[in-house]
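Rule-based calculations on the coordinates, nothing more; no lab input. Computed from a predicted model, the values in this text were never measured in an experiment. A quick note on method: Cβ atoms are made from the backbone with ideal geometry, for glycine too, and the neighbour counts reach across all protein chains shown.
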Amino acid sequence: MSGYQGPMRVLSGIQPSGGMHLGNYLGAIRKFAELQHQYDCNFCVVDMHAITVWQDPEKLREQTFHIAASYIASGVDPEKATVFHQSGVRAHAELAWVFNCVARLGWLDRMTQFKDKAGKNSERASVGLYTYPVLQAADILVYKATHVPVGEDQKQHLELSRDIAGKFNHDYNAADFFPLPEPLIKGQFGDAGARIMSLRDGAAKMSKSDPSENACIFLADDADKIAKKIKKAKSDPEALPSEAAGLEGRPEAANLVGIYAALSGKSAAEVLSEFGGQGFGAFKPALAELVVEKIAPIGAELRRLEADPAFLQSVLEKGAERAAAIADPVVREVKEIVGFLV
Ligand code: AMP
Ligand code: TRP
């Protein structure tokens with residue numbers, strides 16, 4: 001058990017490597033807005049993680065603004081929470097190097113996200129992609145963050161962060177110097193939304209890198225586009241069951257019901273007690289109406305914010321200064337602990 005006594009602090013990050021989608025919103029960003037009222041919150045745009053795979057430089061800058069704007073459009077208040085870009089706080093890279101020397105190759109070899117992203121030709125993947133979860137641990141621990149709101153797919157990376165924190169504390173005889181950070185997978189509405197699947201394939205995660213435009217509902221999609229994508233979403237010919245157990249073996253149906261549940265704040269059982277016995281011809285229009293009601297206003301605000309990059313840049317720069325004020329002293333302590341001259 002960790003005996004860490006420091007304050008509770010929240011940190012999370014999203015890569016500026018594509019458009020923000022419903023999975024990012026329900027799995028992560030919506031929880032950011034909930035948490036900012038209770039905790040010291042820090043929300044990062046992880047541009048250094050993004051370049052572990054090729055990014056066009058001009059696009060990277062645009063996408064960095066897009067992520068910052070998505071945070072704010074979804075309700076994160078940059079006066080309350082610190083919103084910043086990772087590359088703007090050099091402490092992340094400094095701590096990451098030390099952690100590269102703490103983490104073991106065997107630990108990284110087990111990371112499933114690396115295997116998924118590197119694919120068959122892993123010899124050609126960047127070294128950065130391999131050591132990506134070590135930088136993620138540094139993002140979190142450079143603030144001594146205790147809680148990390150993320151979707152379910154990040155569980156394994158959070159375990160690695162805990163292992164790195166524990167090994168650092170142990171090897172350097174610095175008991176409880178770093179907290180062992182906990183993932184926050186559940187939000188206000190339980191774990192609904194922790195794993196949203198593609199609209200074209202109920203077995204694949206909704207992902208910004210999906211080649212099919214229709215697989216993903218983006219926060220920037222207008223009402224028309226949202227409705228069309230839901231209409232085209234893969235389903236099955238059966239009526240909806242009246243109990244959640246009946247969704248087993250029906251991944252597309254389960255996903256659509258899950259999205260309805262996550263956005264309405266109801267449980268899947270409640271949604272099915274309302275729609276059980278009805279076919280997708282009836283359910284899809286109701287779902288489209290709900291998604292449009294919840295997401296289209298965020299999209300409109302997102303477009304308004306993106307039209308003002310100077311504002312977004314000033315948010316990120318001020319945020320980076322505030323973040324560095326917490327992170328720099330932690331790196332200084334780490335340097336002392338490991339025996340660097342300070
Ligand atoms: P990424 O898009 O991989 O940079 O993920 C950013 C955040 O969104 C992380 O907290 C992920 O866990 C979360 N996330 C990404 N895709 C999904 C999804 N399909 N369902 C739920 N959460 C997701
Ligand atoms: N790996 C995370 C993802 O793909 C992004 C990330 C980078 C992150 N640093 C982080 C998430 C720190 C939480 C905390 O979604």
**Asked** Where does the chain land at 222 nm, in deg cm²/dmol rounded to the nearest 500, when only DSSP H runs of n ≥ 4 count, each adding -39500 (n - 2.57), divided by all residues?
**Response** -16000 deg cm²/dmol
**Asked** So how far, in whole Å, is the C-alpha centre of the stretch 141-168 from the one of the stretch 74-103?
**Response** 13
**Item:** Point-to-point label distance, residue 204-residue 105, nm (Cα→Cβ direction, 7 Å offset)
**Value:** 3.3
**Message:** Out of all DSSP beta bridges in the chain, what portion is antiparallel? Express it as a percent rounded to 5.
**Reply:** 20
**Prompt:** Between residue 238 and residue 212, what FRET efficiency follows from the Cβ-Cβ distance if R0 is 22 Å, with the result rounded to 0.05?
**Reply:** 0.40
**Asked** Modelled label-to-label distance, residue 127 and residue 245, 7 Å Cα→beta-carbon offset: nm?
**Response** 5.5
**Asked** Among the lysines, which have Cα under 18 Å from the Cα of residue 59 when same-chain residues fewer than 8 positions away are ignored?
**Response** 208
**Request:** Could you work out how far apart the two model spin labels at residue 267 and residue 60 are, taking each label as a point 7 Å from the Cα in the direction of the beta carbon, and quote it in nm?
**Result:** 4.6
**Request:** Convert each backbone phi in the stretch 157-171 into a coupling constant with the Karplus relation 6.51 cos²θ - 1.76 cosθ + 1.60 (shift: θ = phi - 60°), then list the ³J(HN,Hα) values in order as whole Hz, x for Gly and Pro.
**Result:** 5, 5, 4, 5, 4, 5, 4, 5, 4, x, 5, 4, 4, 6, 4
**Prompt:** residue 173 to residue 310: extension gain in nm, 0.36 nm per residue of separation minus the Cα-Cα distance?
**Reply:** 44.7 nm
**Prompt:** Which distance in Å, rounded to a whole number, links the C-alpha centroids of the stretch 31-58 and the stretch 233-281?
**Reply:** 32
**Fill in**
With +1 on the Cβ of every Lys and Arg and -1 on the Cβ of every Asp and Glu, the dipole magnitude of the chain about its Cα centre, in debye rounded to the nearest 20, is 400
**Request:** For residue 231, put the label point 7 Å out on the Cα→Cβ axis and report which residues of the stretch 286-301 keep their amide N under 17 Å from it.
**Result:** 286-293
**Asked** In debye to the nearest 20, how big a dipole does the stretch 156-202 give about its Cα centre with +1 on each Lys and Arg Cβ and -1 on each Asp and Glu Cβ?
**Response** 200
**Fill in**
Rounded to the nearest 0.05, FRET efficiency between residue 163 and residue 115 (Cβ-Cβ, R0 22 Å) equals 0.75
